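Here's the structure we're looking at; comments come further down.
The values are calculated or read from the model by the stated rules, or taken from the named source; none is laboratory data. Keep in mind that this is a model prediction, so the values were computed, not measured. A quick note on method: Cβ atoms are made from the backbone with ideal geometry, for glycine too, and the neighbour counts reach across all protein chains shown.
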Amino acid sequence: MNPVVDEEICIGCGNCAEICPSVFELIDEKSRVVDPGACEFAECCEAAAENCPVEAISIED
C-alpha cells in the first residue's frame, strides 16, 4: 500500500497525523507522508484516509 496526500486539497486538520502518526505528519500546515512503508503494517493508514474530511488521502496498491 502506498498512501498519497493531495496537498492542494489538504486543509491541514491533523486528523491523519493523530490517527496514524507512524505514516503521516503535519509539515507547514499540510499533511505529508513521512513513512510510506509503515502503511504496510499500520492498520491506521486506511482509517486516516477514511477520516479525512476533504478526502485528500488515497491509498494506492
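General remarks:
- In region 17-52, of all residues being in contact (Cβ under 8 Å) with a residue 12 or more places away in the chain and acidic (Asp, Glu), the one that is farthest from GLU7 (Cα to Cα) corresponds to GLU40.
- Options ALA38, ALA48, ALA56; residue that is modelled with pLDDT under 95 and of a type in the set (Gly, Ala, Ser): ALA38
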